[in-house]
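Have a look at the structure below before the remarks.
The values are calculated or read from the model by the stated rules, or taken from the named source; none is laboratory data. Nothing here was measured: the structure is a model prediction, and the numbers come from that model. Please note: Cβ atoms are built from the backbone with ideal geometry, for glycine as well, and neighbour counts cover all protein chains shown. Surface accessibility is based on the protein's heavy atoms, side chains included, excluding ligands, DNA and RNA. Shrake-Rupley method; radii C 1.70, N 1.55, O 1.52, S 1.80 Å.
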Amino acid sequence: MDPNAVAKAFVEHYYSTFDTNRGGLANLYQDGSMLTFEGQPFQGAQNIAAKLASLPFQQCQHTITTVDCQPSGPTGGMVVFVSGNLQLAGEQHALKFSQMFHLMPTPQGSFYVQNDIFRLNYA
Amino acid sequence: MDPNAVAKAFVEHYYSTFDTNRAALANLYQDGSMLTFEGEQFQGAQNIAGKLLSLSFPQCQHFISTVDCQPSGPAGGMLVFVSGGLKLPGEEHLLRFSQMFHLMPTPQGSFYVQNDIFRLNYA
């Protein structure tokens, strides 16, 4: 399995789910998963999904500028580092962000998000 | 060992070494370490140090804005996500960057960099 292809597929799936069916993101996390969102920590799929559902915008569109990935070690994990833009409805300018994911394989042959860190990039 | 304290100590050590004794960064990587620098990939301490030494500026100063960290799994690894500014001599404006490290423990009780991804954040 080509890591770059896996990373690209994951990123497309993650952000399209975020932008069209935000509740569906819960399926990408497990009980031990961690999110740090602008410095605030959350653990577990339920808490993470709740945080993302509670963000103060109903609609958004992510546009991805860069995706870098590397295998993270012998357990088959991958680190994925993304930068891009986040356009909120009614805002003239897009916000810029960086995000890193640590993906771990599932027994069924896909990946879940073990670690997720999100930061806006202020000018 | 408090992960936040470890991450903070590592970040301070990494960037002060980068800014004052860049060649010594080689000690922070091992043979299996990976760096992706602005999309270009390098593997192994020698190749990574070679790339960092070859960057087109003899001096620089990193300023750190944010440091986020999370444990990466049962092997004792840590993910560290940094954003900050990079001042180059003769340049009026800071470059902004994001960087992620995946640190793994050494038998001696310290950490080495298993994964390193660096990206400039363009306005």
Handout entry: Residue check for residue A:96: part of a helix (DSSP H, G or I) and farther than 22 Å from residue B:76 by Cβ
Key = no
Fill in the blank from the handout: Given (1) facing another protein chain (nearest Cβ under 8 Å); (2) closer than 19 Å to residue B:8 by Cβ; (3) at pLDDT below 95, residue B:81 misses just (3)
Practice task
Determine whether residue B:100 is more than 9 Å from chain A (Cβ to nearest Cβ), within 23 Å of residue A:104 (Cβ to Cβ) and not hydroxyl-bearing (Ser, Thr, Tyr).
Solution key: no
Problem - Considering residues of the range B:5-31 that are of a type in the set (D, E, K, R) and open to solvent by less than 50 Å² (accessible area, probe 1.4 Å) only, the residue farthest from residue B:59 (Cα to Cα) - result: B:22
Problem - Qualifying residue in the range A:57-75 (condition: more than 18 Å from residue B:100 (Cα to Cα), modelled with pLDDT of 95 or more and in contact with a Leu (Cβ under 7 Å, 6 or more places away or on another chain)) - result: yes
Handout entry: Hey, residue B:123 surrounded by 13 or more Cβ atoms within 10 Å (Cβ to Cβ) and not in a strand (DSSP E or B) or not
Key = no
Problem - Residue that is nearest to residue A:114 (Cα to Cα) [pool: residues in the range B:53-68 that are outside any strand (DSSP E or B) and polar (S, T, N, Q)] - result: B:54
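If I ask for residues that are of a type in the set (Phe, Trp, Tyr) and closer than 17 Å to residue B:17 by Cα, which ones from the range B:34-87 would you list?
So the first thing to find is which residues in the range B:34-87 are of a type in the set (Phe, Trp, Tyr), and the list is B:37, B:42, B:57, B:63, B:81.
Of everything in the range B:34-87, those that are of a type in the set (Phe, Trp, Tyr) and closer than 17 Å to residue B:17 by Cα turn out to be B:57, B:63.
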Handout entry: Residue within the range B:3-21 that is touching a Phe, Trp or Tyr at 6+ places or on another chain (Cβ under 6 Å), among the aliphatic types (A, V, I, L, M) and more than 21 Å from residue A:101 (Cβ to Cβ) present
Key = no
Handout entry: Subset of the range B:96-114 [of a type outside the set (Ser, Thr, Tyr), over 9 Å from the mean Cα position of the chain (by Cα) and either buried (at least 16 other Cβ atoms within 10 Å of the Cβ) or on the phi < 0 side of the Ramachandran plot (or both)]
Key = B:96, B:97, B:102, B:103, B:104, B:105, B:107, B:108, B:111, B:114
Problem - Filtered residues of the range B:1-46 (kept if acidic (Asp, Glu) and either within 17 Å of residue B:111 (Cα to Cα) or more than 14 Å from chain A (Cβ to nearest Cβ) (or both)) - result: B:2, B:12, B:19, B:31
Exercise for the section: Identify all residues within the range B:69-92 that are open to solvent by 30 Å² or more (accessible area, probe 1.4 Å), in a loop (DSSP other than H, G, I, E, B) and within 14 Å of residue B:7 (Cβ to Cβ); write none if there are none. Expected result: B:76
Exercise for the section: Please state which of the following conditions residue A:31 fails to meet, knowing it meets all the rest: (1) of a type in the set (D, E, K, R); (2) outside any strand (DSSP E or B); (3) farther than 29 Å from residue B:123 by Cβ. Expected result: (2)
Practice task
Please go through the range A:52-68 and pick out each residue that is surrounded by 14 or more Cβ atoms within 10 Å (Cβ to Cβ) and of a type outside the set (S, T, N, Q).
Solution key: A:52, A:60, A:62, A:64, A:67, A:68
